[in-house]
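Single-structure report; data block below.
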Amino acid sequence: MNEPFGIKKTGFSIKDYVRAFFRRKGLVLLGFMIVTPLVFPIIFGLPDMYRSQTTILIRDKINIRVMQGGEVAIPIRERVKTLRTEVLSWNSITRAMDAVGLSDVAKNPLEMERLVNEIKNNISFTTSGSTQYTDIINITFKHRDPMVTQHFLNVLTTNFIENSLKDQRVELVSAVNFVKEQIAVYEEKLKESDTKLIQFKKDHMYDLPNQRTTSANTILNLEMRKTDLNFELEGLRNEKSIQEQKINSFEERTEEIITPDDPVLKELQDKMQRLVEQLQNLELVYTELHPDVLDVKRRIQSTEMQIEERKSMIKEEKVVTENKEIEPAKHELSRIELKIATLESKKRRIERDLREAKEKLEKLPSIDEQYVYLLNENEAIKSVYHRLKDKLEAIRMTQHIETTEQGVKFEVLEPARLPLKPFSPNRWRLLMMGLLAGLIAGGGLAFLVEFTDHSFRGTEDARANLEIPLVGVIPTIITARERRRKRIKNFLFGCLTIIYLVGLGLLSAYVYKYYH
């Protein structure tokens, strides 16, 4: 194929590329000088990132099933599944931010949301050593400040462990109270049933029948199914209550009242906090009617009135921000409500069947069926009553296990340590890549000019393009003056390169010092 201007070019060899590189070294240097001043400040302007990691062991020594065929304590694997969601929740992160002072950086709600999302992206989780009753969680956090990296991760871990143990204790107390209420109800039913049975035996001492009748057995089964449904419904209602509390806490975060800084108000609030702590300490020692307790309560009421009066004098601003975490919680609440509605419908059907079975049995005139009914009713109530007693004992045992730290246990195997050096960016690698990019840019510019140069590169190009025989080649004659000029030119070229590299280093050092 003919090249432009009718000149035919022969193929390039590696030797030709090397010659072209050194022949066009000025263009190579030009491309290098254009690219590197753009790359080096970027490399040295990147912020240092520090990384710290904490390791948590979650151990569940004993599992005791007490309600609905399930467990009072959340199973270990379910705890691990919800760990990420709990740690990355808005409330968890903002509490840790308040503890380390990161919240002061945000000037408005929009910056606060951006900062929280940035922190979420810098938190990562890994698991290892998972078994049926143990799991090891590694939580890693990245930040520009090494002190903040360590402190934030330790506070986040501590808050998570405390909240998990607190939620478990609340679930156990709720289960104990419910079972106690059911025991009291069935204890009254058992007394009434015993009274009826004794009176029936007195009235029909010689007419007592044999144990039979399908209706009585049906009633017994329906009573037991109804009891199981009551337990299951109560568990779901507890879950619904917990979910609603979470949603309310989310919604409270979406609307914030911003009060301008006021030294008098801050002093009153600090005083209020000290009085509350004093009251809590006194209540641990004295009763509510103790003079010291009453005096502190009066001072708290007086301080509250002063705070409200001061707030009324300060203009407040209301800021509403969208909470993105509330939708999953609402979906979970809808699922629980749907299941509750389904079970309540099932319970109504069982109660209807039970009512019909009782009416059918009551209409039977025979004494034997009445006796069987009373006897089976008494046995059913006794069975439920003893099951409730067993469940209460199991829950109390679970409480004892938790209080003696023999149940679910969170142990920090390795707390977050202070990172001594940044893990990113790797400036040496980026520096080498920047130098390579400068050389590639310069080489590309040199080869572009070389390909657009239509002069002969050597005897092969001359033979390919000239139609006359090639007799010989006259070499370039370099005089002493030209040789001296070339040495001066090379010297100036070297000095310019050194000055450029020194200036580039000073510029990079200035950028690094300015941004760090």
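Quick note: the coordinates plus some simple rules give every number you see, no bench work behind them. In this text the structure is predicted, and so the values were computed from the model without any measurement. Note that we place each Cβ from the backbone using ideal geometry, even for glycine, and neighbour counts take in every protein chain shown.
Which peptide among 281-287, 149-155 comes first, and what is the full order, when sorted by highest mean count of other Cβ atoms within 10 Å?
Descending packing order for the listed peptides: 149-155, 281-287.
What distance in nm separates the two pseudo spin-label positions at Leu430 and Glu181, each 7 Å out from Cα along the beta-carbon direction?
Placing both labels 7 Å beyond Cα along the Cβ direction yields 6.1 nm.
Taking the Cβ-Cβ separation of Ala437 and Glu411 as r and a Förster radius of 51 Å, what is the calculated FRET efficiency to the nearest 0.05?
Here the calculated transfer efficiency is 0.55.
State, as an integer percentage, the relative contact order of the range 260-315 based on alpha-carbon contacts under 8 Å between residues 6 or more apart.
It comes to 48 percent, rounded to a whole number.
Could I get the Rg over Rh figure for the range 260-315? Both from C-alpha atoms, Rh via Kirkwood, rounded to two places.
That ratio is 1.08, to two decimals.
Within the range 260-315, count lysine pairs with alpha carbon atoms under 19 angstrom apart where the residues are 8 or more positions apart or belong to different chains.
Within the range 260-315, the lysine pair count is 4.
For a 21 Å ceiling on Cα separation, which of these pairs sit above it: Lys246/Lys391; Lys191/Lys389; Lys226/Lys339; Lys142/Lys421; Lys107/Lys330; Lys339/Lys391?
Over 21 Å Cα-Cα: Lys246/Lys391; Lys107/Lys330; Lys339/Lys391.
Stretched out fully, how many nm does the piece from Thr479 to Lys311 gain, at 0.36 nm a residue minus the Cα gap?
Result: 51.1 nm gained on full extension.
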